[in-house]
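Colleague: This is the structure I have questions about; it appears just below.
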Amino acid sequence: MRKYKTISIHAELYNEIKQMIQEHPELAYSSVTEYIREAMRNKIIQDKLREWTHIHSTPLFLFFLPPLLH
């Protein structure tokens, strides 16, 4: 069983990401794949937080604030 699946993106988007990586080495991405992989992980986290907030009617970040700030 393969661990990876292939997806396609428009060449324009690929080139834009590649250019950003080349122009900004401080971002520390070694490839377009690495950049997209991190972007997708961040999007999944964002969507899960949004879903949690919708279900519980409370932003999750409130649970990480000191008690006096609630």
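Colleague: Tally Lys/Arg at +1 and Asp/Glu at -1 over every other residue whose Cβ is under 14 Å from the Cβ of Pro25; what's the total? Don't skip to the end; give the middle numbers.
Modeller: Values: positive: Lys18; negative: Glu23, Glu26, Glu34.
Neighbourhood net charge equals -2.
Colleague: Give the Cα extents of the range 11-58 along the principal axes, in whole Å, largest first.
Modeller: For the range 11-58, the Cα spread along each principal axis is 42, 24, 13 Å.
Colleague: While we're here: If packing is taken as the average count of other Cβ atoms within 10 Å, what order do 27-37, 46-56, 4-14 fall into, highest mean first?
Modeller: Those peptides, ordered most packed to least, come out 27-37, 46-56, 4-14.
Colleague: Kindly write out, for the range 31-39 in residue order, the coupling ³J(HN,Hα) from the Karplus curve 6.51 cos²θ - 1.76 cosθ + 1.60 (θ = phi - 60°), rounded to whole Hz, with x marking Gly and Pro.
Modeller: Values, residue by residue: 7, 4, 4, 4, 4, 5, 4, 5, 4 Hz.
Colleague: Oh, and also: At 0.36 nm per residue, minus the direct Cα-Cα distance, what do Leu49 and Leu13 gain on full extension? Give it in nm, one decimal, please.
Modeller: Values: separation 36, 0.36 × 36 = 12.96 nm, distance 2.64 nm.
10.3 nm is the gain from fully extending Leu49 to Leu13.
Colleague: Next up: Taking K and R as +1 and D and E as -1, what net charge do the other residues with C-beta under 14 Å from the C-beta of Lys43 add up to?
Modeller: Taking every other residue near Lys43 into account, the sum is +1.
Quick note: the coordinates plus some simple rules give every number you see, no bench work behind them. This structure is a prediction, so every number in the text was calculated from the model and none was measured. Virtual Cβ from ideal backbone geometry, glycine too; neighbours counted across all protein chains shown.
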